[in-house]
Structures are given as structure tokens and as C-alpha cells.
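As C-alpha cells, the structure follows; a few thoughts come after it.
Every number here is computed from the coordinates shown, using simple stated rules; none is lab data. Quick caveat, the model's predicted, so the values are computed rather than measured. Glycine gets a Cβ as well: all are built from the backbone with ideal geometry, and neighbour counts include every protein chain shown.
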Amino acid sequence: MQIEIFDSGYKLACRAADIFEETVKANPSAVLGLATGASPVNTYKELIARYNAGRLSFAGVTTFNLDEYCDLPQNDKNSYYTFMKENLFDSVDVKPENIHIENGNAADFDAEAAAYDRAIEAAGGIDLQLLGIGTNGHIGFNEPADAFTDGTFRIRLTESTIKANSRYFTDSKMPEYALTMGIASIMHAKKILLIATGGAKAEAIFNTVKGPISPRCPASVLRLHRDAVLLLDTAAAALL
Ligand code: PGA
């Protein structure tokens, strides 16, 4: 696992955008695994700036998002579909038909999850997977558990995740379930890029890098990946 520490969020986002740019320039039809939440926002801003400057195009890429809430209308202001439109997709030339986000309102969640895994496989697998990390060490919505998870599945969110994310749900109740890629889905990506900023992530980063490799800290599994890069700010790296 490669660890890089930055003294500014801007420098960190530029480094993350560099890795995206390298991936897309090397393969204009790259398959990108994307993340939501606060962590990737500045990276998406930088990617939009580079797109606007004519430095890179997303016209040939295919995207798969990590996760989506269940039982939340797709156009809800807090859905990850809305997040991705607002923070990236509406501002770059990615083709709508190449965008994939789990359908959190599917009638049959198991069938939806299986179809999502088949679509990733049919696209040739993920070339670059972007991740944030939860304060409990989750990646995607793979919460601490007794065993590492496999492909896409429906999960009941933990109290700590509900507490961390309820800040966004000011006028509605936060969903308790989500569809998420599993740990095996994430580990199959050719390259993984995890972004963590702020002191609230320091303990999770310590457990990821120095704790046991255990499903109790799902991100610790990234130490077994042959091309995982952690981009941290000094606050998130404070306990290393
Ligand atoms: P955040 O969430 O980027 O909003 O901190 C990360 C996560 O929960 O995976």
C-alpha cells in the first residue's frame, strides 16, 4: 500500500486528479469506480477544471458507483445519483448510457445486485476505484463485520454511519439500508485510490494501516491489494 500525505486539500485533490488523468489518457475507455461523500468533492472539482481546460475527456469512459441508498427516490437531493450529477456528471462529457449506479428502489435487491456485478464484469472490470473511508473504517458501505463481503449486496447501515451521514438529511429520515459493492468487488479493481481528510478519520486510517487486517476494519483489506494508494491530509495521517 502506497501512502502519500499532503499539507493541503487542494494538493491532495490535484494528486488524485493526476491519477484519474493518467488512467483515462492511457485508456480513454477506462472503467472508473466512483465514490460519493465529502472526500471526493475536491477531486471531482479538479477533474471538471481539467475537462473545461481541454486536458481530458470522459466521452469514452464507463462509470460504476460504489453505493446507493435504498428506498430513497432517485431524484432526492440526498441520493447518490443526485450527488454524482451535481458534483461531476452534469459538468463533464461522460455519456449517460455509460453511467451505472445501483438502483436503490429495485423491486428485487438481490437481482439488482447480481445484475450490477454482471455489468461490471461485462465492462471488463474496474480500472481505477476511488474510495472514501468511514470513521468506522468502512469502504463503500461495507460496515465492520465478522467476515469480508463478496459482490454487490444490500446492507443495513450501522449507527455510526447513520450518525455521520444524517447531517445531510435535514428534512427527511436517513435510509437505514443501502446497496453497496462488496469488498471482493472493490478488491478486483486494478488500482484503488482512497482519500481521507480530517482528524475524524485518523483512527480509521491508523487501523487501516497499522491494525490487524480484519473485517472489523474493512479498509484494512486494502493492504492485500497490489496497487492501492492512500492519499491523506496531515490530520487524517496524524496517528501514523
Ligand atoms: P465522507 O464519507 O467522504 O463524507 O467522509 C466517506 C465514507 O463514509 O465512506
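Let me spell out the model: positive unit charges on the Cβ of Lys and Arg, negative unit charges on the Cβ of Asp and Glu, origin at the Cα centre of the chain. What dipole size does that give, in debye rounded to 20?
Details: 22 positive and 30 negative charges, 137 e Å.
That gives a dipole near 660 debye.
Beta carbons within 10 angstrom, averaged per residue: use that to sort the peptides 127-134, 225-232, highest first.
Numbers: 127-134: 24.4, 225-232: 18.9.
Going by the mean number of other Cβ atoms within 10 Å, highest first, we get 127-134, 225-232.
Given the DSSP H assignment, sum -39500 (n - 2.57) over each helix run of at least 4 residues in the chain and divide by its residue total; what's the result at 222 nm in deg cm²/dmol, nearest 500? Could the numbers behind the result be given before it?
Details: 7 runs with 73 residues, N = 240.
That comes out to -9000 deg cm²/dmol.
To the nearest 0.05, what FRET efficiency results for Glu4 and Asn105 with a Förster distance of 30 Å applied to their C-beta separation?
Working: r = 38 Å, r/R0 = 1.28.
Using R0 = 30 Å, I get an efficiency of 0.20.
Residue farthest toward the positive end of the dipole of the stretch 2-233, with Cβ of Lys/Arg at +1 and Asp/Glu at -1: which of Phe89, Leu72, Ala17?
Checked the options; the winner is Ala17.
Set the bar at 30 Å for Cα to Cα. Now go through Lys25/Lys173; Lys95/Lys210; Lys95/Lys173; Lys25/Lys85; Lys11/Lys173; Lys173/Lys210 and name every pair that lies beyond it.
On the way: Lys25/Lys173 42 Å; Lys95/Lys210 40 Å; Lys95/Lys173 32 Å; Lys25/Lys85 23 Å; Lys11/Lys173 36 Å; Lys173/Lys210 36 Å.
With Cα atoms farther than 30 Å apart: Lys25/Lys173; Lys95/Lys210; Lys95/Lys173; Lys11/Lys173; Lys173/Lys210.
Could you tell me the distance between the Cα centroids of the stretch 61-88 and the stretch 160-209, to the nearest Å?
Each part's Cα centre sits 15 Å from the other's.
From the Cα trace of the stretch 2-233, what convex hull volume per residue do you get, rounded to a whole Å³? Show your work: numbers first, answer last.
Values: hull volume 26.8 nm³, N = 232.
Convex hull of Cα atoms, per residue: 115 Å³.
Return the distance in nm (one decimal) between the two label points of a simple spin-label model at Leu224 and Leu240, each offset 7 Å from Cα along Cα→Cβ.
For Leu224 paired with Leu240, the spin-label model returns 2.2 nm.
What number, in percent, do you get for the relative contact order of the chain if the mean sequence gap of Cα pairs under 8 Å and at least 6 apart is divided by its residue count? It would help to have the intermediate numbers written out before the result.
On the way: 496 pairs, mean separation 60.3, N = 240.
Dividing the mean separation by the residue count of the chain yields 25 percent.
With only alpha-carbon atoms counted, please give the Rg and Dmax of the stretch 49-111, in Å.
Values for the stretch 49-111 (Cα only, Rg and Dmax): 13.3, 43 Å.
Starting from the amide H of Leu34, placed 1.01 Å from N in the peptide plane, find each other amide H under 5 Å away whose residue is 5 or more places distant or on another chain.
Result for Leu34 returns Phe64, Asn65, Leu66, Leu130.
With a Förster radius of 35 Å, plug the Cβ-Cβ distance of Phe169 and Ala26 into 1/(1 + (r/R0)^6) and report the FRET value to the nearest 0.05.
Numbers: r = 39 Å, r/R0 = 1.12.
Step by step, r from the Cβ atoms, then E = 0.35.
To two decimal places, what compactness ratio does the stretch 158-206 give when its Cα radius of gyration is scaled by 2.2 N^0.38 Å?
Against the empirical 2.2 N^0.38 Å value, I get 1.46 for the stretch 158-206.
On the Cα set of the stretch 1-84, report Rg and Dmax in Å, please.
Using the Cα atoms of the stretch 1-84, the pair Rg, Dmax is 14.1, 39 Å.
Suppose we keep just the DSSP beta bridges with both residues in the chain; what percent of those would be antiparallel, to 5?
Working: 8 of 30 bridges.
Percent antiparallel among DSSP bridges in the chain is about 25.
How would Glu97, Glu102, Glu159, Glu46 line up from fewest to most surrounding beta-carbon atoms within 10 angstrom? Let's see the in-between values first.
Numbers: Glu97 7, Glu102 26, Glu159 10, Glu46 20.
Listed from fewest to most nearby Cβ atoms, that is Glu97, Glu159, Glu46, Glu102.
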